[in-house]
Amino acid sequence: MVFLFRLISVVVIGIIVCVLGIVFCLFNPRNPKNIARFAHLFSFFFKPILGLKIDTRKYPDIEKIGSCVYIANHQNNFDMIVAADIFQPKTVTVGKKSLAWIPFFGQLYYLTGNILIDRKNKSKAHDTIALVVDEIKKQGISIWMFPEGTRSQGRGLLPFKTGAFKAAIAAGVPIVPICVSDTNSIKLNRLNNGHMIVEMLAPIETKNLRKEDARTLMEQCHQLMSDKIEQINMQAKQQDNQK
């Protein structure tokens, strides 16, 4: 019964938000401010439906940092809900082109200003990163990327790809790691899905780095995030044990 209620609620509310969002964005298309608005809206509706308690830890004064590249671990589709409240205005995500074909959500994803790349075509993907770097400089936007390149599905933090780090160095903007505790325990048939923690780490400056430093920066960020994810996983379990 819980599973059925949640499934129907998520589908119905998701479609309503997407349709209304598409109509809204038609009058204000590709505006990067819209992404944070709808991310927060999805979080507002879906957190209580899924029985989630989320501790969102934003870095102090992140609004004063300006443009940056956010990097986050990518576990499953629940990431979109769990990490949504930490999403900052004027931030766009970089996702695969096939997302645009998902009914309702795909059209909203495109109209809100996100960047779609063709991962099967490496030259086009590189061109897209170059375009994103150009947009960061011209429009003062930030980008949100999943450096693992795929969902980890319970396998821990996977190795990173260098694209996000090359983009940050080329644009001369900081890297801001975002760590999400384990979301693989979320079940639609479980009444209470417990505590999750999302923590934004301190910005890592890239202004004095060269493109040759991308791999070292990548390894540094991977270690920082791996350590932090282990820490917040323990904290989330402690919070569940105290209830």
On a straight-distance basis, which aspartates and glutamates could pair with LYS58 in a cross-link, Cα separation under 12 angstrom, same-chain partners fewer than 8 positions away excluded?
ASP85, GLU199
List the residues, sorted by chain then number, that are 5 or more residues from VAL92 or on another chain and whose placed amide H is less than 5 Å from its amide H.
SER142, ILE143, TRP144
So if I take the centroid of the Cα atoms in region 40-119 and the same for region 185-219, what is the distance between those two points in Å?
13
Which of these, SER152, SER226, SER185, has the largest mean-square fluctuation under a Gaussian network model of the chain (Cα springs below 10 Å)?
SER185
For the chain, what is the convex hull volume of the alpha-carbon atoms per residue, in Å³?
123
For region 1-130, what is the Kirkwood hydrodynamic radius in Å, using each pair of distinct C-alpha atoms?
16.0
Just from its helices, what would the mean residue ellipticity at 222 nm be for the chain, if runs of 4 or more DSSP H residues each count -39500 (n - 2.57) and the sum is divided by every residue, rounded to the nearest 500 deg cm²/dmol?
-15000 deg cm²/dmol
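We did not get these values from a lab; they are worked out from the coordinates using the rules stated. Predicted model, so just to flag it, every value in this text is computed and none were measured.
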